[in-house]
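Everything on this sheet refers to the single structure shown next.
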Amino acid sequence: MAKKRKRTSDAPAAAAAAVGKSDDSAPPRPERTLFGFKDKPSDAAAVVESEPQPASEGVDTPPFRNKEKVLVICSRRIIYRYRHLMQNIVSLLPHAKKDSKIESKQTKGSTLNEVVELRSCSSCLFFECRKQKDLYLWMFKAPGGPSVKFLVNAVHTMEELKLTGNHLKGSRPLLTFSTNFDQQPHWKLVKEMLTQIFATPKDHRKGKPFHDHVFVFSIVDDHVWFRNYQISVPHNEMDKVDKGGLDKMTLVEVGPRFCLNPIKIFGGSFGGPTLYENPYYVSPNQIRALEKRKKAGKYAKKVKAKVRRKMHEMENTLEPDEFAQLWKGED
């Protein structure tokens, strides 16, 4: 069957309609930055918005929606205590995702970036266990960075503490920071990363629309200490909050507890230029080496004491006892 030929008379009309039709496509969405949830519109966009438009042709900028997703992952050969800490953090973050363990090698950076991209996440918490003793926490933003490496100390899980505090799973936390975070630039960067990772996005499908617990981040001795408290409000018999009950609110600790010692801050995702390096950081290997040297010093002191004792006995020999052989022949 022969194909139908298009009429040439329709081509000019279609071209005129395309020219006269206005562009109804939405303007490009601004990218999210580390120090702000939304960039300011450009000058060109501001001029366009200032021009009066008809109601039929006006297009509003889509509202910004926080789609923060955190990937929580660990390395292989992690011990049970650190694994329980990771599970506690996953239970506290309704916007967190889990994945299988990865090998702690030199290529772990590229592997983690691929996993984060496949899981459609924007942040990652990577728990790296070395020698089944030391726990390192990598906190980074993907794909452009930055990233912070911490040494985790003083770990206490929820199962270990057995505290009386309790709050609803998935509720939104209040984040509180000590005033030390605003004193130095690297602490400001750490504060912004903690805010974006631990804050539950608004209108998240797994989050509850109320607050009943608080995350406390405080800096003591150049370490970041984490605590989780339940907000306990007194209730009356009718199960309603009293008018003066808000002043009587108390905090009951829930857990877990841990301490973060910052090591380095990198400009990229899991690497890149070094933005900050902690001058007071001492690795756990050096601490264990010093302890071994102290123990080796004790042993060396014992050996030297035995040598001195032998030398003293050789220099100060005892005189022979005249009664030593007196009763020997009687046997």
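The values are calculated or read from the model by the stated rules, or taken from the named source; none is laboratory data. Since the structure is predicted, the reported quantities are computational estimates derived from the model, not experimental observations. Neighbour counts run over all protein chains shown; Cβ positions are idealised from the backbone, glycine included. Just so you know, the surface numbers come from the protein's heavy atoms only, side chains and all, with ligands and any DNA or RNA stripped out. Shrake-Rupley method; radii C 1.70, N 1.55, O 1.52, S 1.80 Å.
Scoring 286-298, 261-273 by mean Cβ neighbours within 10 Å over their residues and listing the highest first yields 261-273, 286-298. Its residue count N sets the reference 2.2 N^0.38 Å, and the alpha-carbon radius of gyration of the stretch 138-224 equals 1.23 times that reference. For the stretch 130-144, 3J(HN,Hα) computed residue by residue from phi via the Karplus equation (6.51, -1.76, 1.60; θ = phi - 60°) reads 10, 6, 6, 9, 9, 10, 10, 10, 9, 10, 9, 9, 10, x, x Hz, glycine and proline entered as x. Rolling a 1.4 angstrom probe over the protein heavy atoms with all chains in place gives the stretch 76-128 an accessible area of 52 Å² per residue. Amide H contacts of residue 268: 147, each under 5 Å away and 5 or more positions distant or on a separate chain (H built 1.01 Å from N in the peptide plane; Pro and chain starts excluded). Other residues with beta-carbon under 15 Å from the beta-carbon of residue 312 carry, at +1 per Lys or Arg and -1 per Asp or Glu, a net charge of +3. Phi angles across the stretch 157-173 convert, under the Karplus curve 6.51 cos²θ - 1.76 cosθ + 1.60 with θ = phi - 60°, into 3J(HN,Hα) values of 7, 5, 5, 7, 6, 6, 7, 7, x, 7, 9, 6, 6, x, 6, 7, x Hz, Gly and Pro given as x. By the scheme Lys and Arg +1, Asp and Glu -1, what is the net charge of all other residues having a beta-carbon under 14 Å from that of residue 255? My count for the surroundings of residue 255 gives +2. Report the one residue of 207, 272, 284 whose Cα lies farthest in the direction of the positive end of the charge dipole of the stretch 175-331 (charges on C-beta: Lys and Arg +1, Asp and Glu -1; origin at the Cα centre). The residue sitting most towards the positive pole is 272.
Highest-first packing order for the peptide set 80-88, 189-197 is 189-197, 80-88, based on the mean count of other beta carbon atoms within 10 Å. Close amide H contacts of residue 208 (hydrogens built in the peptide plane, cut-off under 5 Å, sequence separation of 5 or more or a different chain): 171, 172.
Using a probe radius of 1.4 angstrom, the carbon and sulfur fraction of the accessible surface of the stretch 106-185 is 50%. In percent, rounded to a whole number, the relative contact order of the stretch 78-169 is 26, using alpha-carbon pairs under 8 Å and six or more apart.
A simple packing score, the average count of other Cβ atoms within 10 Å per residue, orders the peptides 111-117, 223-229 as 223-229, 111-117, with the highest score first.
Over the stretch 135-267, accessible surface divided per residue gives 51 Å², non-protein components excluded, 1.4 Å probe. Separation of the stretch 268-298 from the stretch 93-133 is 23 Å, based on Cα centroids.
Using a cut-off of 23 Å between Cα atoms, the listed pairs 133/188; 69/208; 98/141; 105/141; 108/133 include 133/188 as exceeding that distance.
Rounded to whole numbers, the Karplus 3J(HN,Hα) couplings from phi for the stretch 260-275 are 10, 9, x, 9, 9, 10, 10, x, x, 7, 6, x, x, x, 7, 8 Hz, using 6.51 cos²θ - 1.76 cosθ + 1.60 with θ = phi - 60°, and x at Gly and Pro. Under 10 Å from the Cβ of residue 72, count the other residues' Cβ atoms, weight Lys and Arg +1, Asp and Glu -1, and hand me the total. Within the 10 Å Cβ shell, the charges total +1.
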